[in-house]
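Following: one structure in structure tokens, then a few remarks.
The values are calculated or read from the model by the stated rules, or taken from the named source; none is laboratory data. Quick caveat, the model's predicted, so the values are computed rather than measured. Positions of Cβ are backbone-derived with ideal geometry, glycine not excepted, and every protein chain shown enters the neighbour counts.
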Amino acid sequence: ISSNYQLSNGQMIPVVGFGTWQAPDGNVAEKAVLDALEAGYRHIDTAAIYKNEASVGRAIKKSGIKREELFLTTKLWNDSHSYEKATKAIDDSLKRLDVDYVDLYLIHWPNPVDIRGEYSKWNAESWQAMEEAVEAGKIKSIGVSNFHPHHLEELLKTARIKPVVNQIFLNPSDHQAKIVEFCQKQDILLEAYSPLGTGEILGLNELNDIAKRYNKTSAQVVLRWSLQKGFLPLPKSVTPKRIKENLAIFDFELSKEDMALLAQLEGKAGFAKDPDNVDF
Ligand code: A2P
């Protein structure tokens with residue numbers, strides 16, 4: 001089982017999380033989460049929009065693992081901004097997950113198309129609802145996802161509780177230098193989604209060469225890169241063998257030279273995309 005990072009509010013968070021994006025609701029997601037829990041993951045990352053919160057909740061129950069031994073994250077979807085809607089969205093997620101609290105709740109996107117341009121107002125309102133849910137014991141920690149520095153700067157103007165996490169697309173093909181530097185200065189932990197570059201990065205020859213030298217897979221090398229950068233990777237898989245493989249990254253260390261080689265993969269498997277393909 002992996003060790004923890006400490007968030008800026010003192011909470012502990014397991015350094016690898018199991019991503020459930022694109023794990024379809026029903027048996028596939030439920031089985032993947034159960035396999036992950038059995039493999040030793042204690043940190044599960046879902047979101048309202050993944051439509052698999054109920055499956056995640058069922059897997060947790062079936063695993064028999066105590067709630068307090070698990071770190072569970074979910075997210076506010078784009079259609080649920082505003083104080084009232086966010087308050088309800090939090091309760092709805094708790095119901096679907098069938099838990100009394102989540103460990104981490106994130107604003108999923110800073111500036112969704114439907115409310116584009118007014119992000120300061122909407123994020124501030126939703127944030128207030130999230131802060132109250134923290135005070136009510138429904139959420140332990142709150143954070144954001146896909147935020148750029150200008151979104152965070154705005155949020156920090158009104159936030160009473162500081163965001164502890166920013167979850168972004170982050171892997172050796174996309175280093176996200178600006179937002180990474182901003183978050184590190186603010187003591188905001190970077191969680192890496194698509195840490196495997198959605199799988200595309202894994203075929204790169206440069207990467208395969210490094211992996212061979214450590215007797216590890218390319219996926220393990222990329223996840224190890226993430227840890228050594230101080231990030232928290234959230235690999236997603238529905239394949240039992242890969243689920244285990246992605247957690248076996250604590251028995252080796254990449255050399256400085258290989259970290260430098262990996263830094264050169266920037267752009268080789270593409271960059272993050274705004275889902276709406278507009279500057280946000
Ligand atoms: P699958 O779920 O079918 O096992 P990311 O986490 O960067 O979004 O990448 C997820 C993608 O990478 C999924 O398509 C997943 O496939 C695949 N994947 C996950 N782990 C591994 C691994 N260890 N080796 C190869 N492919 C993997």
(request) Could you grab me the full set of residues in segment 58-77 that are closer than 26 Å to Asn123 by Cα and either part of a strand (DSSP E or B) or among the β-branched types (Val, Ile, Thr) (or both)? (result) Phe71, Leu72, Thr73, Thr74, Lys75, Leu76
(message) Can you pull out every residue in segment 225-243 that is farther than 25 Å from Ala260 by Cβ, within 7 Å of the ligand (Cβ to nearest atom) and either under 12 Å from the mean Cα position of the chain (by Cα) or touching a residue at least 40 places away in the same chain (Cβ under 8 Å) (or both)?
(response) Lys236, Ser237, Val238
(message) Within segment 234-256, does at least one residue satisfy the condition of being touching a Ser or Thr at 6+ places or on another chain (Cβ under 7 Å), at pLDDT 95 or above and polar (S, T, N, Q)?
(response) yes
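Can you tell me which residue among Ile188, Ile210 is farther than 17 Å from Asp251 by Cα and either modelled with pLDDT under 95 or among the β-branched types (Val, Ile, Thr) (or both)?
Exactly one residue qualifies, and that residue is Ile188.
So which residues in segment 27-80 are β-branched (Val, Ile, Thr) and buried (at least 16 other Cβ atoms within 10 Å of the Cβ), if there are any at all?
Correct list: Val33, Ile44, Thr46, Ile49, Val56, Ile60, Thr73, Thr74.
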(request) Within segment 13-30, track down each residue that is within 12 Å of the ligand (Cβ to nearest atom) and over 17 Å from the mean Cα position of the chain (by Cα). (result) Pro24, Val28
(message) Given the criteria part of a helix (DSSP H, G or I) and closer than 27 Å to Gln220 by Cβ, does Ser55 qualify?
(response) yes
(message) Given the options Glu200, Glu266, name the one that is surrounded by fewer than 19 Cβ atoms within 10 Å (Cβ to Cβ), of a type outside the set (Phe, Trp, Tyr) and more than 14 Å from the ligand (Cβ to nearest atom).
(response) Glu266
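Let's see how each residue does on (1) surrounded by 21 or more Cβ atoms within 10 Å (Cβ to Cβ); (2) charged (D, E, K, R); (3) without any contact (Cβ under 8 Å) to a residue 40 or more places away in the chain; (4) within 14 Å of the ligand (Cβ to nearest atom):
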{"position": "Gln167", "(1), (2), (3), (4)": "yes, no, no, yes"}
{"position": "Leu170", "(1), (2), (3), (4)": "yes, no, no, yes"}
{"position": "Asp174", "(1), (2), (3), (4)": "yes, yes, no, yes"}
{"position": "Ala177", "(1), (2), (3), (4)": "no, no, yes, no"}
{"position": "Lys185", "(1), (2), (3), (4)": "no, yes, yes, no"}
{"position": "Pro195", "(1), (2), (3), (4)": "yes, no, no, yes"}
{"position": "Leu207", "(1), (2), (3), (4)": "yes, no, no, yes"}
(request) Scan segment 209-224 for residues that are of a type outside the set (Lys, Arg) and either under 20 Å from Gly267 (Cβ atoms) or within 12 Å of the ligand (Cβ to nearest atom) (or both) and jot them down. (result) Asp209, Ile210, Ala211, Thr217, Ser218, Ala219, Gln220, Val221, Val222, Leu223
(request) Could you tell me whether Glu181 is modelled with pLDDT under 95 and surrounded by fewer than 21 Cβ atoms within 10 Å (Cβ to Cβ)? (result) no
